[in-house]
Amino acid sequence: MLKASTLGHHELHQTIQDGTLDGDSFDHESHVRLAWYYLVNWPYQQAIEKFNVDFLHFISDAGAAGKYHRTITDALLQLIASHLDDPQCRSDWNYFKRDARPLFEDASGLLQRFYSSRLLASDEARNSFQTADLKDLPEPYPGLIPDGRE
């Protein structure tokens with residue numbers, strides 16, 4: 001099995017799809033990097049759906065489907081997308097990491113700015129995307145949405 005930290009962005013994506021990634025090596029940074037890859041390579045809505053399908057397939061194969069949480073996944077994708085207004089954030093992973101530091105340092109705390117614990121703990125939030133109940137999430141970079149529409 002391949003380790004996430006040793007792979008380029010495209011290779012990480014490929015190993016998620018073909019099941020050759022060592023699930024134990026897939027940490028939070030790998031998760032964000034994979035989401036970033038989808039967002040810079042597909043239109044926003046397509047990236048969201050494709051990421052969720054591929055990610056759920058990957059964690060199901062790893063026996064961890066119970067860890068999947070649709071609202072957290074989509075909210076983090078939207079937070080990542082909100083940083084992509086800067087062309088360097090779309091083309092340079094390391095630049096993106098510096099620009100989006102809170103996503104790496106305390107993603108849970110970041111989500112708590114937008115979502116109550118009660119909402120995130122609900123079955124509805126686990127199974128389908130729920131809008132934030134404390135504060136609106138920042139909008140994704142409009143350039144990711146063809147013709148400015150979702």
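The values are calculated or read from the model by the stated rules, or taken from the named source; none is laboratory data. These figures come from a predicted structure and were not determined experimentally. For neighbour counting, all protein chains shown are included, and Cβ atoms are generated from backbone atoms with ideal geometry for every residue, glycine included.
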Margin query: Just to verify a result, which residue in segment 78-94, among those that are touching a helix residue (DSSP H, G or I) at 6+ places or on another chain (Cβ under 9 Å), outside any helix (DSSP H, G or I) and without any contact (Cβ under 8 Å) to a residue 60 or more places away in the chain, is surrounded by the fewest Cβ atoms within 10 Å (Cβ to Cβ)?
Written below: Asp86
Check: Is there a residue being modelled with pLDDT of 95 or more and either part of a helix (DSSP H, G or I) or surrounded by 18 or more Cβ atoms within 10 Å (Cβ to Cβ) (or both) anywhere in segment 57-70?
Finding: yes
Margin query: Return the residues of segment 11-46 that are assigned to a helix (DSSP H, G or I) and more than 20 Å from Asp61 (Cβ to Cβ); say none if nothing qualifies.
Written below: Glu29, Val32, Trp36, Leu39, Val40, Asn41, Tyr44, Gln45, Gln46
Check: How many residues are surrounded by 12 or more Cβ atoms within 10 Å (Cβ to Cβ) and under 16 Å from the mean Cα position of the chain (by Cα) if we restrict to segment 104-113?
Finding: 4
